[in-house]
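Student: This structure is in structure tokens; I'll ask about it shortly.
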2 protein chains.
Amino acid sequence: MDCTPVWFMRQAGRYMEEYRRVRKKYDILTICKNPEVAAEVTLQPIRRLHVDAAIIFADILLPLQGMGVNLEFTRGEGPVIRDPIRTAADVKALRLFDPREDLSFVLEAIQIVRKELNGKVPLIGFSGAPFTVASYLIEGGHSTHYIRTKLMMYSEPSTWHALMRKLAKITLEYLRSQIRAGAQVVQIFDSWVGCLSPGDYSNFVLPYTRQVVQGLKEEGVPIIHFGTGTSGLLELMKSAGSDVMGVDWRIDLDEAWGRLGRDVAIQGNLDPVALFGPLHEIERRVEDVLKRAGNRPGHIFNLGHGILPQTPVDHVAAVVEMVHQYSKR
Amino acid sequence: MDCTPVWFMRQAGRYMEEYRRVRKKYDILTICKNPEVAAEVTLQPIRRLHVDAAIIFADILLPLQGMGVNLEFTRGEGPVIRDPIRTAADVKALRLFDPREDLSFVLEAIQIVRKELNGKVPLIGFSGAPFTVASYLIEGGHSTHYIRTKLMMYSEPSTWHALMRKLAKITLEYLRSQIRAGAQVVQIFDSWVGCLSPGDYSNFVLPYTRQVVQGLKEEGVPIIHFGTGTSGLLELMKSAGSDVMGVDWRIDLDEAWGRLGRDVAIQGNLDPVALFGPLHEIERRVEDVLKRAGNRPGHIFNLGHGILPQTPVDHVAAVVEMVHQYSKR
């Protein structure tokens, strides 16, 4: 490419009218489980925004059902797990499943999207990282303080490690199957890992993320490793071995890249809330991110987290234009 | 002192039975407005925990009522402002008040506590920082994404700056009056500032916090500047000029202190959730924090944020012991 590539986390989402129309008919799980619909939703932002990558429409908690966990999405509350994982017996009962069977709908959606895209832009597959998935499993949903999650680390370390071993295995298998189905890049979402101290990250999380990343190396596709609130964890996260590090807006991109070193590519890092502002302010911020990236290859423009539901779609489209214009080499 | 001093944010709080007994009789605002009760609650952790400082019992949103804002504390929801500040006219209507009149109850509580402490440990006064108070004023309560707050910065910068000018003036006056009433240290809580990018912090927040800090210099008491999720903002925050920088657990203390430089003292930084763990794990973490601080003067041991309501009180007391024992010089 002769300019900086750009895509957005949650680029298929409620901020887009086309998506809201589909959501009126189906809930999230139904969309995910219907490959034709998931493919359609995946392609909506490609048509509307001219972004440089598609990301398969799915949810990071989809693997839970294959593991035998009762997952629901409630209006307003988000994901709810009515039988959270709290004990060694709970962990033991988690099923190791074959994603080619239990998540075949995701793999089929990938195949459809690849065919539809026909090489126009690459398709990104993804999964939650073991820690972030574990936090939902243990807390039973979103959390503010992650007390039960951390308490399992501190009080029941062998239960914690057993859980993480299972999740690492499942994550690796799931991403591998996505790649084999046609995903040309994969992103590992460790969205909530920023709640941890570097010491806890290092002892309780990093070995498992590393296992996933290293296990994927032989598949030969680029791996993006993403989290939020990770300004104190960046070097540790890098040591998991991904090709691209995602950073949020809470750190300047040049500062982050300087700390990480130029042997890793970087993805980010506009504040998603910036998209609510007036266009001239958005432009100032987009230019600032690009300037800090030094207009070098190895920068993928993105937000620091997913697009928020009330975001004006025109502003999102404008950012794609701005990135392409400003970074033209 | 011949060891590292330790106190805890929210050391007077629901985790303590003595406090819960008082809260059964009075709501938070009633406690704050009754100097005898506020003083009693302030002293509870001194008796129970042997901490090295008292912090006056108050709430960072108390100044709102003096400004003419309708503040309530609802069960579960926390602070609620039914008429949030959204427009230039709203900002204009905010009253600049004299804390010696409208917040005289806080100053009286400070006087009572000083008398009761009789020099045993110093008393810390505090206030919210202009940004964090502004975020409550604009959002109407707690927030996840701070969309309206940031939107005011981006779309109505003159309204934002007018609001921050007023809040800086009120914060400065309030802290000055606390010092003159007897506070021997003050802490500025910019608890939610970690939601900002460094650029936004620099343009929209730092000048006002700096104004408060600089305005307090002539009072001759140490100033602690605290926030959470600030790993990407530390150097900027330091430039406001405080004597002590508070850091949370999301960054290693040695890393933070190294970046900040040894000309500033540091406060922190145990994860409040660590206090839920078994004592041997707490001990390992307390020692780690102290080791990273290099057992130097200039380190004040604290959590990275306030004590959580379900925290076992014995664990809090044990941390005080551990800090004193381990850091004995």
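The values are calculated or read from the model by the stated rules, or taken from the named source; none is laboratory data. Computed from a predicted model, the values in this text were never measured in an experiment. Positions of Cβ are generated from backbone atoms using ideal geometry, with glycine treated the same way; all protein chains shown enter the neighbour counts.
Student: Sort out which residues of segment A:96-111 are surrounded by fewer than 19 Cβ atoms within 10 Å (Cβ to Cβ) and in a helix (DSSP H, G or I), and write them in order of number.
Tutor: Taking segment A:96-111 first, the residues surrounded by fewer than 19 Cβ atoms within 10 Å (Cβ to Cβ) are A:96-98, A:100-102, A:104-105, A:108, A:111.
Selection gives A:Arg100, A:Glu101, A:Asp102, A:Ser104, A:Phe105, A:Glu108, A:Gln111.
Student: Same structure, new question: Are any residues in segment B:285-296 within 12 Å of another protein chain (Cβ to nearest Cβ) and of a type in the set (Lys, Arg), and if so, which ones?
Tutor: Of everything in segment B:285-296, those that are within 12 Å of another protein chain (Cβ to nearest Cβ) and of a type in the set (Lys, Arg) turn out to be B:Arg285, B:Lys291, B:Arg292.
Student: Tally the residues that are without any contact (Cβ under 8 Å) to a residue 60 or more places away in the chain and buried (at least 20 other Cβ atoms within 10 Å of the Cβ), restricting the search to segment A:1-21.
Tutor: The qualifying residues number 2.
Student: Please go through segment B:189-221 and give me each residue that is among the hydroxyl-bearing types (Ser, Thr, Tyr) and touching a Ser or Thr at 6+ places or on another chain (Cβ under 7 Å), ordered by number. Reasoning before the result, please.
Tutor: Step one: list which residues in segment B:189-221 are among the hydroxyl-bearing types (Ser, Thr, Tyr), which gives B:191, B:197, B:201-202, B:208-209.
If the condition is that a residue be among the hydroxyl-bearing types (Ser, Thr, Tyr) and touching a Ser or Thr at 6+ places or on another chain (Cβ under 7 Å), then B:Ser191 is the only one that fits.
Student: When the residues of segment A:153-164 are filtered to those that are away from every other protein chain (no Cβ under 14 Å) and surrounded by fewer than 22 Cβ atoms within 10 Å (Cβ to Cβ), which remaining residue is nearest to B:Pro312 (Cα to Cα)? Working first, answer last.
Tutor: First pass over segment A:153-164, keeping only residues away from every other protein chain (no Cβ under 14 Å): A:161-164.
Next cut, surrounded by fewer than 22 Cβ atoms within 10 Å (Cβ to Cβ) only: A:161-162.
Working: A:His161: 25, A:Ala162: 27 Å.
Per the criteria, the residue is A:His161.
Student: Being at negative phi, surrounded by fewer than 23 Cβ atoms within 10 Å (Cβ to Cβ) and more than 9 Å from chain B (Cβ to nearest Cβ) narrows it down to one residue among A:His299, A:His324; which is it? Quick ask: steps written out before the conclusion?
Tutor: Numbers: A:His299 fails: surrounded by fewer than 23 Cβ atoms within 10 Å (Cβ to Cβ).
Only one candidate qualifies: A:His324.
Student: So which residues in segment A:235-249 are buried (at least 22 other Cβ atoms within 10 Å of the Cβ), at the interface with another protein chain (Cβ under 10 Å from one of its Cβ atoms) and under 30 Å from B:Glu281 (Cα atoms), if there are any at all?
Tutor: Answer for segment A:235-249, where residues must be buried (at least 22 other Cβ atoms within 10 Å of the Cβ), at the interface with another protein chain (Cβ under 10 Å from one of its Cβ atoms) and under 30 Å from B:Glu281 (Cα atoms): there is none.
Student: Sticking with this structure for a sec: Taking segment B:190-225 as the search range and keeping residues that are of a type in the set (Val, Ile, Thr) and without any contact (Cβ under 8 Å) to a residue 40 or more places away in the chain, which one is nearest to the other protein chains (Cβ to nearest Cβ)?
Tutor: Filtering first and then ranking leaves B:Val213.
Student: Residues to consider are A:Arg75, A:Arg95; find the one that is free of Cβ contacts under 8 Å to residues at least 60 places away in the same chain, under 25 Å from A:Ile188 (Cβ atoms) and not hydroxyl-bearing (Ser, Thr, Tyr). Working first, answer last.
Tutor: Details: A:Arg75 fails: under 25 Å from A:Ile188 (Cβ atoms).
After ruling out the rest, the residue left standing is A:Arg95.
Student: Does A:Val121 satisfy being part of a helix (DSSP H, G or I) and either surrounded by 15 or more Cβ atoms within 10 Å (Cβ to Cβ) or among the polar types (S, T, N, Q) (or both)?
Tutor: So A:Val121 fails the test.
Student: Name the residue, out of A:Tyr201, A:Tyr146, A:Tyr154, that is more than 26 Å from A:Glu36 (Cα to Cα) and in contact with a Cys (Cβ under 7 Å, 6 or more places away or on another chain).
Tutor: A:Tyr146
Student: Any chance segment A:270-284 includes a residue that's touching a Leu at 6+ places or on another chain (Cβ under 8 Å), more than 9 Å from chain B (Cβ to nearest Cβ) and within 16 Å of A:Met9 (Cα to Cα)?
Tutor: yes
Student: Pick from segment B:27-55 the residues that are out of contact with any strand residue (DSSP E or B) (no Cβ under 8 Å at 6 or more places or on another chain) and in a loop (DSSP other than H, G, I, E, B): which of them is nearest to B:Ile300 (Cα to Cα)?
Tutor: Per the criteria, the residue is B:His50.
Student: Could you please tell me which pairs satisfy a Cβ distance under 7 Å, a separation of 6+ or placement on different chains, a first residue in segment B:260-288 that is under 16 Å from A:Cys195 (Cα atoms), and a second residue that is surrounded by 24 or more Cβ atoms within 10 Å (Cβ to Cβ) and of a type in the set (S, T, N, Q)?
Tutor: B:Gly268/B:Asn302; B:Asp271/A:Ser197
Student: Let me ask you something else. Check off (1) farther than 19 Å from A:Arg250 by Cα; (2) in contact (Cβ under 8 Å) with a residue 60 or more places away in the chain; (3) surrounded by 16 or more Cβ atoms within 10 Å (Cβ to Cβ) for B:Gly304 and give me the number that stays unchecked.
Tutor: For B:Gly304, the exception is condition (1).
Student: Just need a number here: residues in segment A:165-192 that are surrounded by fewer than 24 Cβ atoms within 10 Å (Cβ to Cβ) and touching a strand residue (DSSP E or B) at 6+ places or on another chain (Cβ under 6 Å).
Tutor: Looking only at that region, the number is 3.
Student: How about segment A:250-259: which of its residues are more than 10 Å from every other protein chain (Cβ to nearest Cβ) and either surrounded by fewer than 17 Cβ atoms within 10 Å (Cβ to Cβ) or in contact with a Leu (Cβ under 6 Å, 6 or more places away or on another chain) (or both)?
Tutor: Result: A:Asp254, A:Gly258, A:Arg259.
Student: So B:Val212 fits all but one of (1) closer than 24 Å to B:Val6 by Cα; (2) under 16 Å from the mean Cα position of the chain (by Cα); what number is the exception?
Tutor: With (1) closer than 24 Å to B:Val6 by Cα; (2) under 16 Å from the mean Cα position of the chain (by Cα) applied to B:Val212, the lone miss is (1).
Student: Quick test for you: out of B:Lys169, B:Lys115, pick the one residue that is without any contact (Cβ under 8 Å) to a residue 24 or more places away in the chain, assigned to a helix (DSSP H, G or I) and within 28 Å of B:Glu219 (Cα to Cα).
Tutor: B:Lys115
Student: What residue, among those in segment A:116-152 that are more than 14 Å from chain B (Cβ to nearest Cβ) and small (Gly, Ala, Ser), is farthest from A:Trp192 (Cα to Cα)?
Tutor: A:Gly119
Student: Give me the residue from segment B:217-229 that is out of contact with any Phe, Trp or Tyr (no Cβ under 9 Å at 6 or more places or on another chain) and in a loop (DSSP other than H, G, I, E, B) and, out of that set, surrounded by the fewest Cβ atoms within 10 Å (Cβ to Cβ).
Tutor: B:Gly220
Conditions tested, residue by residue: (1) among the small types (Gly, Ala, Ser); (2) part of a helix (DSSP H, G or I).
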| site | (1), (2) |
| --- | --- |
| A:Ser202 | yes, yes |
| A:Tyr208 | no, yes |
| A:Gly215 | yes, yes |
| A:Gly232 | yes, no |
| A:Met237 | no, yes |
| A:Trp249 | no, no |
| A:Asp254 | no, yes |
| A:Trp257 | no, yes |
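Student: In the list B:Gly304, B:Gly227, B:Gly241, which residue meets the criterion of being farther than 27 Å from B:Ile46 by Cβ and within 19 Å of the chain's Cα centre (by Cα)? Steps first, please.
Tutor: Working: B:Gly304 fails: farther than 27 Å from B:Ile46 by Cβ; B:Gly227 fails: farther than 27 Å from B:Ile46 by Cβ.
Just a single option satisfies the conditions, and that option is B:Gly241.
Student: B:Thr228 passes all but one of (1) of a type in the set (Val, Ile, Thr); (2) out of contact with any His (no Cβ under 6 Å at 6 or more places or on another chain); (3) within 14 Å of another protein chain (Cβ to nearest Cβ); which number fails?
Tutor: Status for B:Thr228: all satisfied but (2).
Student: Report, ordered by the first and then the second residue, all pairs with beta carbons closer than 7 Å, sequence separation of six or more or different chains, a first member in segment A:123-135 that is farther than 26 Å from A:Glu40 by Cα, and a second member that is acidic (Asp, Glu) and at pLDDT 95 or above.
Tutor: Listed by first residue and then by second, the contacts come to A:Phe131/A:Asp190; A:Thr132/A:Asp190.
Student: Which ones in segment A:74-95 are among the hydrophobic types (A, V, I, L, M, F, W, C), more than 13 Å from A:Lys166 (Cα to Cα) and surrounded by 15 or more Cβ atoms within 10 Å (Cβ to Cβ)? Give the steps one after another, and end with the answer.
Tutor: We begin by selecting, within segment A:74-95, every residue among the hydrophobic types (A, V, I, L, M, F, W, C); these are A:80-81, A:85, A:88-89, A:91, A:93-94.
Then drop every residue that is not more than 13 Å from A:Lys166 (Cα to Cα), which leaves A:80-81, A:89.
Selection gives A:Val80, A:Ile81.
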